[in-house]
1. Among (1) β-branched (Val, Ile, Thr); (2) closer than 17 Å to ILE184 by Cβ; (3) without any contact (Cβ under 8 Å) to a residue 40 or more places away in the chain, there is one condition ILE103 misses while meeting the rest; what is its number?
2. Scan the stretch 154-175 residue by residue and report those that are loosely packed, with under 15 Cβ neighbours inside 10 Å and in contact with an Asp or Glu (Cβ under 9 Å, 6 or more places away or on another chain).
3. Can you work out which of the residues in the stretch 122-153 that are buried (at least 16 other Cβ atoms within 10 Å of the Cβ) and charged (D, E, K, R) is nearest to the chain's Cα centre (by Cα)?
4. So which residues in the stretch 42-82 are under 30 Å from GLN174 (Cα atoms), of a type outside the set (A, V, I, L, M) and surrounded by 14 or more Cβ atoms within 10 Å (Cβ to Cβ), if there are any at all?
5. Does MET89 count as in contact with a Pro (Cβ under 6 Å, 6 or more places away or on another chain) and closer than 30 Å to ASP26 by Cβ?
6. Quick one: in the stretch 22-41, of everything that is in contact (Cβ under 8 Å) with a residue 12 or more places away in the chain and more than 20 Å from PHE86 (Cβ to Cβ), which residue is surrounded by the fewest Cβ atoms within 10 Å (Cβ to Cβ)?
7. Pairs only if they're at least six apart or on different chains, beta carbon under 8 angstrom, first in the stretch 170-181 and assigned to a strand (DSSP E or B), second modelled with pLDDT of 90 or more; list them, first residue then second.
8. Looking at (1) over 27 Å from PHE86 (Cβ atoms); (2) modelled with pLDDT of 85 or more; (3) surrounded by fewer than 14 Cβ atoms within 10 Å (Cβ to Cβ), can you tell me which one ALA190 breaks?
Amino acid sequence: MAKEPQKKPRWYKLVAQAYKATAPDDKWLLPLMILIPVAVIGLSVLVALLVSDSTIVLVYSVLFGVLAAALAAMYTLTRRFEKNAFQRMEGQMGASISIAQSIRRGWKFEDDPVSIDPRGKSLVFQGIGKGGVVLLAEGGNAANKQVTAVKRRINKLVPGVPVHVISIGAGEGQVSLKNLTKAIRKHKKALTKDQREQVSARLRAIGGQKLPVPKGVDPMRARPDRKAMRGR
């Protein structure tokens, strides 16, 4: 018997989930979600009263203010939710791949890292897209040797393809999680769709480094829930 397709949750349930996930760690969320809509509606009414004494104008202004207030509240919740989610993800091994995979067009990142430090201190993820190959290095300086080895391998297998390294972190020369998508997308187009598929097939066919994962360390399980990040 075929399984019934899962129904997508209603939008108000997603809003409730986002609020419940954010409110415990954000004391300003509730006050902002109250004050901002009130301010928007109040401003809309004030403008209507200053412009005209017509009741119709006032009614339309109130309706417009209510819609604008709802959008402002949703925008506030979304931004605070994202900020809170990024803060919770900072420092977690494997967090960068969740952000990178949120890019829907032009880039593809594999779930599994191409290199893992045997002691679990660093790992490197690989993505292929319009700008070439991107390596996401987590672990700071501990990942330098891994990055060098992975770059050497890529340059040997697909010579001429640009390889960009993004070091994840808050230090100098590093990219924070909230700026990661921007850092990936900024690379100029270097590969067509067909070329990306050829590079991906070549690297996948040869395979990556097979480094042992230390007992008790599973970088994949350290990643945050991507569905929760998207409010699903």
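The values are calculated or read from the model by the stated rules, or taken from the named source; none is laboratory data. It should be emphasised that the depicted structure is a prediction, and the values quoted were computed from it without experimental measurement. Because the Cβ atoms are built from the backbone with ideal geometry, glycine has one as well, and the counts that use them run over all protein chains shown.
1. Looking at each condition in turn, ILE103 falls short on (3).
2. ALA170
3. Per the stated criteria, the residue is GLU138.
4. THR76, THR78, ARG80, PHE81, GLU82
5. When the stated conditions are applied, MET89 passes them.
6. Per the criteria, the residue is VAL38.
7. Final answer for the pair search is VAL175/ILE166; VAL175/SER167; VAL175/ILE168; VAL175/ALA183.
8. Of (1) over 27 Å from PHE86 (Cβ atoms); (2) modelled with pLDDT of 85 or more; (3) surrounded by fewer than 14 Cβ atoms within 10 Å (Cβ to Cβ), only one is false for ALA190: (3).
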